[in-house]
Amino acid sequence: MTKIKIAIAGIGNCASSLIQGIEYYKAEDREPIGLMHREIGGYKPGDIEVVAAFDIDARKVGKDVSEAIFAPPNCTAVFCPDIPSTGVKVKMGRVLDGVSEHMKNYDENYTFVVSKEKEATKEDIVNELKKSGAEMLLNYLPVGSEEAARFYAECALEAGVAFINNMPVFIASDPEWAKRFEEKNIPIIGDDIKAQLGATITHRVLADLFEKRGVKLERTYQLNTGGNTDFLNMLNRDRLASKRESKTEAVQSVLSRKLENYNIHIGPSDYVAWQKDNKVCFLRMEGKLFGDVPMNLELRLSVEDSPNSGGVVIDAIRCCKLALDRGIGGVLYSPASYFMKHPAIQYPDDEAYRRTEEFIAGTRER
């Protein structure tokens with residue numbers, strides 16, 4: 001198979017896990033633990049190649065991608081330390097609203113250090129995407145980077161490359177943006193990556209179980225703590241609107257009757273530095289059983305946050321490549337419904353899974 005050439009905006013923990021995973025799963029004799037699909041349309045994880053990268057941190061800009069993924073403030077698990085040099089240097093990106101003001105008040109080991117290099121223009125990014133031969137651009141910017149995320153989406157459109165929006169700025173699920181990608185016949189998958197086995201997918205499955213077993217869900221919360229830059233960034237509550245909406249809608253969408261806002265609380269709760277990339281979710285669900293008898297469920301889930309997303313993004317990339325090979329543009333509704341928290345169309349997870357398998361097999365167009 002030919003290589004799948006990707007560009008990445010934001011070389012943080014999630015990008016680090018993805019790039020480690022690409023190398024890790026190249027070993028043919030390795031048991032494919034953690035992969036939903038070893039092959040998709042003949043493409044394996046090792047067929048993915050990073051050909052362009054953008055960041056704004058002084059400790060990453062100018063470095064080979066293989067080094068940058070381990071530079072501070074990245075703190076995720078290192079499960080594949082020996083990454084060969086890629087020959088791809090991280091280019092200076094565009095800051096815009098990508099760095100929250102409060103981040104300047106923290107130690108450099110935990111926060112961003114903005115490079116003094118001249119920021120890239122739209123023309124610079126577009127030229128780099130074209131020159132590198134990138135087929136798709138992955139958005140890994142911090143939560144709340146509304147302006148910056150749309151900037152990179154614009155760059156993808158102008159460069160004619162596909163776009164995978166892994167963060168909660170609504171682009172693929174926005175009809176106007178979706179129309180623009182469809183008009184140019186460019187594939188897009190989004191928005192907001194749904195982890196392999198994280199808080200959102202677990203909460204969705206349990207909410208669906210309540211429905212199917214005739215238990216009335218009356219109220220629920222999902223509280224999350226972590227120690228990576230994502231959680232530090234989200235201490236600024238002004239940046240959380242789209243994140244809360246994305247996570248809440250993901251759970252509400254599986255209920256036949258949505259809960260009142262008062263009875264559902266979902267979102268990041270606090271930053272605990274020593275947790276690093278470990279995310280801890282505290283979940284509570286209260287309901288009524290047979291005879292109106294009350295019940296409650298409490299669950300604690302602990303996961304390494306970034307590898308948890310890598311196991312899904314590695315499939316999103318290959319599905320996006322299938323669309324490119326087939327000449328299909330616009331929103332890839334089926335993969336997005338399975339891989340993302342806030343897709344254009346929400347389906348129950350079992351239906352989203354079936355639709356995605358049909359898309360991979362070529363029996364469903366999008």
Mean shadow area (nm²) of the C-alpha convex hull around the stretch 1-113 is 7.9 nm²
How far is helix 241-252 tilted, in degrees, relative to the longest principal axis of the Cα atoms in the chain, given as a value from 0 to 90 rounded to the nearest 10?
50 degrees
Any chance you could get the radius of gyration and Dmax over the Cα atoms of the stretch 107-150, in Å?
13.2, 37
Report the antiparallel proportion of the DSSP beta bridges in the chain as a percent, rounded to a multiple of 5.
45 percent
Calculate one ³J(HN,Hα) per residue across the stretch 40-52 by plugging θ = phi - 60° into the Karplus curve 6.51 cos²θ - 1.76 cosθ + 1.60, and present them in order as whole Hz with x for glycine and proline.
10, x, x, 8, 9, x, x, 7, 8, 9, 7, 10, 7
Interchain or long-range residues, amide H under 5 Å from Gly330's placed H:
Glu182, Asn185, Ile186, Ile188
Could you give the semi-axes, largest first, of the ellipsoid that matches the stretch 169-230, computed as the square roots of 5 times the alpha carbon gyration tensor eigenvalues and rounded to whole Å?
31, 19, 10
Prolate/oblate/rounded label for the stretch 58-139 (Cα gyration tensor, a/c 1.5)
oblate
If we count GluC sites (Glu not before Pro) as exposed when they sit in a DSSP loop and have at most 10 other beta carbons within 10 Å, what is the longest stretch of the chain that avoids them all?
29-259
Tell me, what is the 1.4 Å probe accessible area of Arg180, in Å² to the nearest 10?
90 Å²
Accessible area expressed per residue, the stretch 198-291, with surrounding protein chains retained (probe 1.4 Å, Å²)
48 Å²
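To the nearest µm²/s, what D does Stokes-Einstein give for the stretch 199-304 at 25 °C and 0.890 mPa s, using the Kirkwood radius over alpha carbon pairs as Rh?
170 µm²/s
In whole percent, and with a 1.4 Å probe on the protein chains, what portion of the accessible area of the stretch 199-304 is carbon and sulfur?
51 percent
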Charge dipole of the chain built from unit charges on the beta carbon (Lys, Arg +1; Asp, Glu -1), centred at mean Cα; most positive-end Cα among His342, Val303, Ser253 is Ser253
DSSP beta bridges in the stretch 199-304: the antiparallel percent, rounded to 5, is 75 percent
How far, in degrees from 0 to 90, does helix 305-326 lean away from the longest principal axis of the Cα atoms of the chain, to the nearest 10?
70 degrees
Whether the stretch 1-54 is rounded, prolate or oblate, judged on the alpha carbon gyration tensor where a/c under 1.5 counts as rounded
oblate
Where the only charges are on Cβ atoms (+1 Lys, Arg; -1 Asp, Glu), what is the dipole of the chain about its Cα centre, to the nearest 20 debye?
300 debye
Out of every Cα pair in the stretch 84-218, what percent are spaced more than 22 Å from each other?
52 percent
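Give the accessible surface of the stretch 90-139 per residue, rounded to a whole number of Å², with probe radius 1.4 Å and ligands, DNA and RNA excluded.
Counting only protein heavy atoms, the per-residue value for the stretch 90-139 is 56 Å².
Quick check: at a probe of 1.4 Å, how many percent of the accessible area of the stretch 82-180 sits on carbon and sulfur atoms?
46 percent
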Let me see the P(r) profile for the stretch 306-353: every Cα-Cα distance counted, bins of 10 Å, each bin given as a percent of all pairs.
26, 52, 21, 0
In deg cm²/dmol and to the nearest 500, what is the mean residue ellipticity at 222 nm of the chain if only DSSP H runs of at least 4 residues count, each as -39500 (n - 2.57), divided by the residue total?
-10000 deg cm²/dmol
Helix 349-361: angle to the longest alpha-carbon principal axis of the chain, degrees 0 to 90, nearest 10?
40 degrees
Listed by chain and number, the residues whose amide H is under 5 Å from that of Ile266, excluding neighbours fewer than 5 places away on the same chain and using placed H, are Gln222
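The values are calculated or read from the model by the stated rules, or taken from the named source; none is laboratory data. Just so it is clear, the model here is predicted, and its values are computed rather than measured. Ideal geometry is used to build each Cβ from the backbone, glycine not excepted, and the neighbour counts take in all protein chains shown. When the accessible area is computed, the model is the full protein with side chains, heavy atoms only, and any ligands, DNA or RNA have been set aside. Shrake-Rupley method; radii C 1.70, N 1.55, O 1.52, S 1.80 Å.
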